[in-house]
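Visitor: Below is one structure. I have some questions about it.
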Amino acid sequence: MTPTRTFQYPPARRADVVEAYHGTAVSDPYRWLEDPHSAETQAFVAAQNELTHGFIDELPVRAAWQERLTALWNYAKVSPPVVRNGRFFFQRNDGLQNQAVLYRQDGPDGRPTPLLDPNTLSEDGTVALINQSYTKDGRLLAYSLSASGSDWQEIHVRDTETGQDTGDRIQWCKFTNAAWLPDNSGFFYARYPAPGEMPDAPPSTHQRVYFHRLGTPQSADALVYSRPDAPDLGFAPELSKDGRYLILTVWEGTDVRNRVYYRDLSAGDDFVRLIDVMEAKHDFLTNDGPVFYFITDLEAANGRILAIDISQPDRANWREIVPEQEDVVETAVVVHDEFIIDYLHHAHHRLRRFALDGAPRGDIALPTLGSVALLTGKRAHDALYFVFQSFLYPPTVCRFDFATQELSIWHQPQVAFDPAAYETTQVFYESKDGTRVPMFLTHKKDLPRDGDNPTLLYGYGGFNISLPPLFAPTRLAWLEQGGVYAQANLRGGTEYGEAWHQAGMLDRKQNVFDDFIAAAEWLIDQGYTRPSRLAIEGRSNGGLLVAACLLQRPDLYGAVHCGVPVIDMLRYHKFTAGRYWTGEYGNAEENADHFRFMMAYSPLHNVRARVSYPPTLITTAETDDRVVPMHAEKFAATLQAADAGHHPLLLRVETKAGHGLGKPTGKLIEEAADVYSFLWTMLHS
């Protein structure tokens, strides 16, 4: 039960910091928390953690949540195999290992042998294997490692026959892959300037493409391409299937619109700017000689497949292969000389097959309403592998055989949970402006609609990211206690294409909050729950979502989890990856119109004094270099200073962890036990 005492929070100095934005003075009293290394910030974090852990550790249900979550997490998790020249490569976590181990096996029935175990690279499991790029023959692997959840990665090379590293080491990388030459002599990659290399450049700018020749130091790598005139551009290198063309997908921030450049490696020509206007998304799929195939949303908001003959590159010569459908293209691969397209149908997935000339070849029937991910296979392969999952269906590796046209199970996890007593349904509700929004509900069968069910409402709503049905041990533990899990598919995502995304960005961001608030109201109106039994949760951009909704409708919720949130909308772009998000959120510093609509919802600037906000747990991590912890810390200080003090408003700062990338299993379980024992207790107070 929640103590009746008034909460006493650690003191936080209010500095006299005021900044003018287009004629408006804005106070920023906790700006000192932007320096994570200062003694004052570290003392603040230590005091907050002491308060938070002291409170949560005393909760009577905390130990039970820890025990049950550990049991639910303890199942084997396997990735779809990457097949190269008869060699199968896949990752497996036996259950509670901090990091998944990379295995190799010869042929589909070979004996798996460990190739790379990240758990041996650190004592606490905080070094993670992030990306793998294999040579065509499967002999060499370029793999990247991340430490303590950082977006920064180092690329290493391993011989898959001997299991030994070659000694090659590439630094200052993030958001890149390794594109191998067919002869295994080296690979192309992209990196940022090393510290001190460009001291006056803003962070995460001036990404450049290099070629690394195997066995040579990084200092000898040849610069392949750079754009000093456009320092915000990033580059994803890729080799065409015949090894002739180096394709660069040219991106800027989180904008899905991109450009496409290529170089004919056989001729040694300069790069050709095939598409040099950022008006649409163009994702390279494969090629037949000079004919390049792309997924694009150009003149097709739901996506389609186009063919561009680079010998006749004028737009008038572009050919439509697979036209736009009613459903949205999520992704596609080319396997067995077919386009396998993953479509979003009302936020869940459908797999459809098309010949290379666009002729339909039917659907791949999926086990139930759910989602697919990690499609693997090459154009010459006879099988497609992918992960299928849903709220009650654990991540299962499936194999589709093109010869028999049958779907089989390659790996089926065994989870300590019986789904038979539960069900998932999809409902549609109206938002404030009448927009029809889908939402998934999972709960026990024959659930009474008496308004008394503890309900967890989750959302995201941004950056073209969809929320299809996903499996999570945390949700199972919630369901077992008699709870309802609701997942709203808000505007800002890609559930209904680019139009759905744009309806929730920039000056339309309030639509996302309205969608989420309407979901909460619908759950209450339909008798699933009531405000004191309703918890809301979101992470990252979803943390911004729940923070804004917490402030706009504090009467509507009984508890809040605000995870690794974006909070200070006036200054977010000044830190690490924040500069990439201005296309989504705007830039209040440079644009007066942006300042107006961002200031209207910015959580840091909309906390009201003497309001009794619902119990809130804000979580972040000290080495998060994507959404830096100052957001969560400034928000906690502001909330605590303004609150009437009757509900806990707590801050939890994880050590040696980042935004979530590669987070060790042990830390995942500890954080989940804290979060869900907090939410559950608050809803029963």
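Throughout, read-outs are computed from the coordinates displayed, never taken from laboratory work. Note that this is a predicted model, so its numbers are computed, not measured. We place every Cβ from the backbone using ideal geometry, glycine too, and count neighbours over all the protein chains shown.
Visitor: What full-extension length gain, to one decimal in nm, is calculated for Asp507 and Ala600 as 0.36 nm per residue of separation minus the Cα-Cα distance? Intermediate results must be reported in sequence, preceding the final value.
Guide: Numbers: separation 93, 0.36 × 93 = 33.48 nm, distance 1.01 nm.
This chain segment gains 32.5 nm when fully extended.
Visitor: Taking only DSSP H segments of four or more residues, each worth -39500 (n - 2.57), what value at 222 nm results for the chain once the sum is divided by all its residues, to the nearest 500 deg cm²/dmol?
Guide: Details: 10 runs with 118 residues, N = 685.
Taken over the chain, the calculation gives -5500 deg cm²/dmol.
Visitor: Another question about this same structure. Where the only charges are on Cβ atoms (+1 Lys, Arg; -1 Asp, Glu), what is the dipole of the range 258-344 about its Cα centre, to the nearest 20 debye? Mind showing how you got there, number by number?
Guide: Values: 7 positive and 19 negative charges, 58 e Å.
In total the dipole reaches around 280 debye.
Visitor: Per residue of the range 158-166, what does 6.51 cos²θ - 1.76 cosθ + 1.60 with θ = phi - 60° give for ³J(HN,Hα)? Whole Hz please, x for Gly and Pro, Karplus curve as stated.
Guide: Coupling constants for the range 158-166: 10, 7, 6, 7, 8, x, 9, 6, 7 Hz.
Visitor: Taking 8 Å as the Cα distance limit and 6 or more residues as the minimum spacing, I'd like the relative contact order of the chain as a percentage. Intermediate results must be reported in sequence, preceding the final value.
Guide: Working: 1645 pairs, mean separation 85.2, N = 685.
Relative CO of the chain lands at 12 percent.
Visitor: Now a separate question. Given Cα pairs under 8 Å that are at least 6 residues apart, what percent is the relative contact order of the range 127-235?
Guide: Values: 228 pairs, mean separation 19.6, N = 109.
18 percent.
Visitor: At 20 Å minimum axial length over the Cα atoms and a Kyte-Doolittle cut of -1.0, report the qualifying DSSP H helices in the chain, or say none. Kindly include the intermediate steps, with their values, before the conclusion.
Guide: Numbers: long enough: 39-57 (26 Å, -0.04); 510-525 (22 Å, 0.38); 665-683 (27 Å, 0.48).
Those that pass (Cα extent of 20 Å or more, hydropathy at least -1.0) are 39-57, 510-525, 665-683.
Visitor: Amide H of Leu470: which non-local residues (sequence gap of 5 or more, or other chain) have their own amide H closer than 5 Å, using H built in the peptide plane?
Guide: Phe391
Visitor: Just check the range 117-246 against the gyration tensor rule for me: Cα atoms, a ≥ b ≥ c as the square roots of the eigenvalues, rounded for a/c under 1.5, and otherwise prolate or oblate depending on whether a/b exceeds b/c. Write out the running numbers ahead of the final one.
Guide: Values: a/c = 1.95, a/b = 1.14, b/c = 1.71.
Because a/c hits 1.5 or more and a/b fails to exceed b/c, the range 117-246 counts as oblate.
Visitor: With +1 assigned to the C-beta of every Lys and Arg and -1 to the C-beta of every Asp and Glu, and no other charges, what is the dipole magnitude of the chain about the Cα centre in debye, to the nearest 20? Could you put the intermediate results ahead of the total?
Guide: Values: 63 positive and 88 negative charges, 144 e Å.
Rounded to the nearest 20 debye, it is 700 debye.
Visitor: Where in the chain lies the longest segment free of GluC sites (Glu not before Pro) that are both loop residues by DSSP (not H, G, I, E, B) and have at most 14 other Cβ atoms within 10 Å?
Guide: Details: sites that count: Glu58, Glu123, Glu161, Glu197, Glu279, Glu299, Glu326, Glu590.
Looking at the chain, 327-589 is the longest stretch - no exposed GluC sites (Glu not before Pro) with at most 14 other Cβ atoms within 10 Å.
Visitor: Let me ask another. Would you work out which of Leu366, His348, His411 lies farthest towards the positive end of the dipole of the range 335-415, given +1 charges on the beta-carbon of Lys and Arg and -1 on that of Asp and Glu, about the Cα centre?
Guide: Result: His348.
Visitor: Relative contact order of the range 335-415: what whole-number percent is it, with Cα pairs under 8 angstrom and at least 6 residues apart? Could the numbers behind the result be given before it?
Guide: Numbers: 165 pairs, mean separation 17.3, N = 81.
In percent, rounded to a whole number, it is 21.
Visitor: Right, another one. What pairs in Lys444/Lys509; Lys136/Lys281; Lys174/Lys667; Lys281/Lys574; Lys174/Lys509 have C-alpha atoms more than 31 Å from each other?
Guide: On the way: Lys444/Lys509 34 Å; Lys136/Lys281 27 Å; Lys174/Lys667 23 Å; Lys281/Lys574 27 Å; Lys174/Lys509 28 Å.
Lys444/Lys509, as the Cα separations exceed 31 Å there.
Visitor: How large is the dipole of the range 81-166 about the Cα centre if only Lys and Arg carry +1 and Asp and Glu carry -1, each at its Cβ, rounded to the nearest 20 debye? Please report the intermediate quantities before stating the final value.
Guide: Details: 8 positive and 12 negative charges, 80 e Å.
Charge dipole of the range 81-166: 380 debye, to the nearest 20.
Visitor: Taking the Cβ-Cβ separation of Thr404 and Ser311 as r and a Förster radius of 56 Å, what is the calculated FRET efficiency to the nearest 0.05? Let's see the in-between values first.
Guide: On the way: r = 39 Å, r/R0 = 0.69.
Working from the Cβ atoms, E equals 0.90.
Visitor: Shifting gears a bit: Per residue of the range 12-26, what does 6.51 cos²θ - 1.76 cosθ + 1.60 with θ = phi - 60° give for ³J(HN,Hα)? Whole Hz please, x for Gly and Pro, Karplus curve as stated.
Guide: Those phi angles translate into 9, 5, 9, 8, 8, 10, 9, 10, 8, 10, 6, x, 10, 7, 10 Hz.
Visitor: Considering only the other residues whose Cβ falls under 15 Å of the Cβ of Gly86, what net charge follows from Lys and Arg at +1 and Asp and Glu at -1? Kindly include the intermediate steps, with their values, before the conclusion.
Guide: Working: positive: Arg84, Arg87, Arg104, Arg111, Lys136, Arg139, Lys378; negative: Asp106, Asp109, Asp137, Glu161, Asp382.
Computed value for this residue: +2.
Visitor: Oh, and also: Length gain on complete extension for the stretch Asp269 to Asp159, per 0.36 nm per residue less the alpha carbon to alpha carbon distance?
Guide: Length difference between fully extended and current span is 36.4 nm.
Visitor: Can you tell me the equivalent ellipsoid semi-axes for the chain? Use √(5λ) from the Cα gyration tensor, largest first, whole Å.
Guide: Working: eigenvalues 320, 175, 138 Å².
In descending order, the three semi-axes are 40, 30, 26 Å.
Visitor: Classify the range 70-113: rounded, prolate or oblate, from the alpha-carbon gyration tensor (a ≥ b ≥ c, eigenvalue square roots; a/c under 1.5 rounded; otherwise prolate if a/b is larger than b/c)? Write down the numbers at each step before the final one.
Guide: Working: a/c = 2.99, a/b = 2.77, b/c = 1.08.
Here the range 70-113 falls in the prolate category.
Visitor: Can you give the local net charge around Phe635? Use residues other than it whose beta-carbon is closer than 15 angstrom to its beta-carbon, Lys and Arg +1, Asp and Glu -1.
Guide: With Lys, Arg at +1 and Asp, Glu at -1, the net is +1.
Visitor: May I ask you to list the residues of the range 224-266 whose amide nitrogen lies under 17 Å from a point 7 Å from Cα along the Cα→beta-carbon direction of Leu214?
Guide: 239, 243
Visitor: How are the Cα pair distances of the range 383-514 distributed, in percent, across 5 Å bins from 0?
Guide: 2, 9, 16, 16, 15, 15, 13, 8, 4, 1, 0
Visitor: Computed FRET efficiency, Cβ-Cβ of Arg530 and Thr368, R0 35 Å: what is it to the nearest 0.05? Please report the intermediate quantities before stating the final value.
Guide: Numbers: r = 31 Å, r/R0 = 0.88.
With a Förster radius of 35 Å, E is 0.70.
Visitor: Could you list which residues have their amide H under 5 Å from that of Gly492, counting only those 5 or more apart in sequence or on another chain, with H placed in the peptide plane?
Guide: His501, Ala503, Gly504
Visitor: Label-point separation (nm) for His346 and Glu589, each offset 7 Å from Cα along Cα-to-Cβ?
Guide: About 4.5 nm separates the two model spin labels.
Visitor: Given Ala332, Pro603, Thr619, which one lies farthest toward the positive end of the charge dipole of the chain, if we put +1 on the Cβ of every Lys and Arg and -1 on the Cβ of every Asp and Glu?
Guide: So the residue furthest toward the plus end is Thr619.
Visitor: What distance in nm lies between label points placed 7 Å from Cα along the C-beta direction at Ala644 and Asp433?
Guide: So the label points at Ala644 and Asp433 sit 3.4 nm apart.
Visitor: Going by how many other Cβ atoms sit within 10 Å of their own, how do Ser677, Ser219 line up, fewest first?
Guide: Values: Ser677 22, Ser219 6.
Fewest-to-most ranking of Ser677, Ser219: Ser219, Ser677.
Visitor: Could I ask something else about it? For the range 562-656, what class follows from the C-alpha gyration tensor (a ≥ b ≥ c being the square roots of its eigenvalues): rounded when a/c is under 1.5, otherwise prolate if a/b is larger than b/c, else oblate?
Guide: Details: a/c = 3.02, a/b = 1.28, b/c = 2.36.
Note, shape of the range 562-656 comes out oblate.
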